[in-house]
Amino acid sequence: MSSPTARTLAEMRKRGYLVQVVEKWIPAVKRRQDLYGFIDVLAIREGEIVGVQATSGDNVASRVAKIAEHEHVGAVRKAGIRILVHGWRRNAAGRWVLREVDCS
């Protein structure tokens, strides 16, 4: 099974972006740290920068709320970085389906 981050990387590449995982693992506290507190993947293409929070389909609402309340969201928006949440779930046929929410 692929992770939400792996599926988001593939999706953004398909859309023509150059992508990079920007969350990091901190072994000392056994936690992941997102860029600016809410970005897992940074995607760029001419004239556009997108930060993506990748998650399961069930967690989309909580991630949208987390971003809306985060202390750094204003600075990220002012910098012109588009903010997306990618929620992934399987449909009845067993295929992965993306729900994308723009939090820009």
(request) Mind listing whichever residues of region 5-23 are farther than 10 Å from ASP40 by Cα and touching a residue at least 40 places away in the same chain (Cβ under 8 Å)? (result) ARG7, GLU11, MET12
(message) Can you find, within region 1-34, the residue that is nearest to ARG82 (Cα to Cα) among those that are assigned to a strand (DSSP E or B) and open to solvent by less than 100 Å² (accessible area, probe 1.4 Å)?
(response) VAL19
(message) For region 66-89, give me each residue that is surrounded by fewer than 18 Cβ atoms within 10 Å (Cβ to Cβ) and either in contact with a Lys or Arg (Cβ under 9 Å, 6 or more places away or on another chain) or of a type in the set (Lys, Arg) (or both).
(response) ARG77, LYS78, ARG82, ARG89
(request) Run GLY37 past the list (1) at negative phi; (2) open to solvent by less than 50 Å² (accessible area, probe 1.4 Å); (3) at pLDDT below 95 and report the number of the one that doesn't hold. (result) (1)
(request) Starting from residues that are assigned to a strand (DSSP E or B) and of a type in the set (Lys, Arg), keep the ones in region 46-104 and report whichever is farthest from the chain's Cα centre (by Cα). (result) ARG90
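Specify the residue that is surrounded by the most Cβ atoms within 10 Å (Cβ to Cβ); the eligible residues are those in region 90-104 that are touching a residue at least 12 places away in the same chain (Cβ under 8 Å) and within 19 Å of THR5 (Cβ to Cβ). Step through it out loud before you land on a result.
Residues of region 90-104 touching a residue at least 12 places away in the same chain (Cβ under 8 Å): 96-104.
Narrowing the set further to residues that are within 19 Å of THR5 (Cβ to Cβ) leaves 96-103.
Numbers: TRP96: 15, VAL97: 12, LEU98: 14, ARG99: 12, GLU100: 12, VAL101: 15, ASP102: 10, CYS103: 20.
If we take residues in region 90-104 being touching a residue at least 12 places away in the same chain (Cβ under 8 Å) and within 19 Å of THR5 (Cβ to Cβ), then CYS103 is surrounded by the most Cβ atoms within 10 Å (Cβ to Cβ).
The values are calculated or read from the model by the stated rules, or taken from the named source; none is laboratory data. Please read these numbers as outputs of a predicted model, since none were measured by experiment. Here Cβ is always computed from backbone atoms with ideal geometry, including for glycine, and neighbour counts include all displayed protein chains. Keep in mind that these areas ignore ligands, DNA and RNA; they rest on the heavy atoms of the full protein, side chains included. Shrake-Rupley method; radii C 1.70, N 1.55, O 1.52, S 1.80 Å.
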